[in-house]
1. Counting heavy atoms of the protein chains only and a 1.4 Å probe, report the per residue accessible area for segment 339-492 as a whole number of Å².
2. Heavy atoms only, probe 1.4 Å: what % of the accessible area of segment 409-492 goes to carbon and sulfur, would you let me know?
3. In cubic angstrom, how much convex hull volume per residue do the alpha carbon atoms of segment 266-344 span?
4. Would you mind getting me the FRET efficiency between R222 and N277? Use the beta-carbon distance for r and R0 = 35 Å, nearest 0.05.
5. How high is the relative contact order of the chain? Use alpha-carbon pairs under 8 Å, at least six apart in sequence, and give a whole percent.
6. Name all residues of segment 458-492 having a backbone nitrogen under 11 Å from the label point set 7 Å from the Cα of R158 along its Cα→Cβ direction, giving them as ranges.
7. Roughly speaking, to the nearest percent, how much of segment 198-274's 1.4 Å accessible area is carbon and sulfur?
8. Dimensions of the chain along principal axes (Cα, Å, largest first)?
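The values are calculated or read from the model by the stated rules, or taken from the named source; none is laboratory data. Note that the structure is a prediction, hence the values are computed from the model and not measured. Cβ: placed from backbone, ideal geometry, glycine included. Neighbour counts: every protein chain shown. Areas reflect the complete protein model, heavy atoms only, side chains present, ligands, DNA and RNA absent. Shrake-Rupley method; radii C 1.70, N 1.55, O 1.52, S 1.80 Å.
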Amino acid sequence: MMAMGIFLFILLLALLILLFLKQLWSRRHLPPGPLALPLIGTLWAHGFSLSEDYFRKPAKRYGNIYTMWAGSHLLVVLSGFRAVKEGMTGFSDGFSDRPNDPSLIAIGKGMGIILSNCLTWKHQRHIAVTSLRKLGLGKKSIEHQIEDVAQTLVGIFRQTKGQPFDPSIPVLNAVSNIICALSFGYQFAPEDKNFQELIQSLERIVKFTGTFFHLMFSEFPRLMKHLPGSHKEAMASAEFIRSFAKQEIEKHKEFHSLHEPQDFIDHYLLQMEKSGNDPDSTYNEENLAQCISDFFSAGSETSFITIMWALLLLTNRPDIQEKVQKEIEDVFGFSGSISYQDRKKLPYTNAVIHEMQRVKYVLLVGVPRQSTKDVKMRGYHIPKGAIIAADLHSVLLDPEQWETPEEFNPNHFLDKHGKFIEREEFLPFGIGERACVGEQLARIELFIFLASLLRSFSFRLPEGVKELNEEPVVKVVVHPHPYKLCAIPTQA
């Protein structure tokens, strides 16, 4: 009996060794990376908890193109400016899809802009780009609405009368209302119950992404559908946002102004009308609802966190604040609105805003893509179906591109004469065909919000606080720890 047990043990061990050798042989042409174990993949090598340099550490050992395994899913990471640019532009046709991830499919239904592919993606991206461009024109342009929201935010900050307060709720309400103005043509009162439920639904989806439950749903979708967990909350939240959007669509259909479109829904419904006889058209109300959901998920959370990092960094750096305020005062004084065009008159202010985005990038890694075919890059084989992750964080901190990559240094965006310079390596919005649709909107929003706030207030530490914590809370979204500050009016 013991002999039989020993024999079975040796046989099992031999099979495992053969399986291991077969795995090594089949993966011999892949980019280098740590050994992948069953179920957990390479998590054992990188740790089970996320850190700000989670994707940068392996690059130091394996190079700027390496592999990771999330369970059975192959992940090819591109690190540093040169590798990211080469992969995302040189192989744009091969690295163009979004991953076939069961949890993301359940949330996005394969529709909209962010998580769709093929013709659906091309159509939705096209209508989003053209609508945003058209909404940027005229007296009721989205920029003017951003200016109005910025002044409302200034008013809310002023009500604190210089006392310590948490800026997160008013900032989140403000950036979310920009998406409401863009999508629906109007803003919500901050206390509106549906508006607050919308914001909370977005938060639940963001918190779910990249968690243990996300990984388990990706590996065992059928099983997880029958088990409780945050994945259930995320799916319900995604459905609430779509339902919210559909209610607004119905209102627009009832009181439409399609031939004088005022917002994204108007533009989209007009496109549906024009494409009614096209059998290949993907313009429909389901895709419209998901596009609106994408605007909220991609546009509100990232802008909110960027502004929160900006206020924190400036509060810790009163000398930089003073330079920005002096520049704004010298050009504009304390009255009149500041437009996006005015950034050309405010090179130092513009440089500071760019540097905030660079040094505190809000995503752990860029939104992943999926290889649509076998690709050979730098001598390595990247098979069809591999997930491609462009580590934009590594680009923004690339020591080969930035003089002092780890330091907050506005001079990264200024020439020796103090003029603002664009940097090719500045890629917080991605690069290539899948670059962020709302990049221009985000740039306008950040500039107007921060310039308006800095003209109106000096941000100071609460009494007894020596410095705000700059260590990030790292999840898929990288955000600061909760904090309070004092907004001291610059003019009584």
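1. Counting only protein heavy atoms, the per-residue value for segment 339-492 is 43 Å².
2. Looking at segment 409-492 in its full context, I get 51 percent from C and S.
3. Details: hull volume 11.8 nm³, N = 79.
Considering the Cα atoms of segment 266-344, their hull volume per residue is 150 Å³.
4. 0.30
5. It rounds to 23 percent for the chain.
6. 489-492
7. The computed percentage sits at 59.
8. 91, 58, 41
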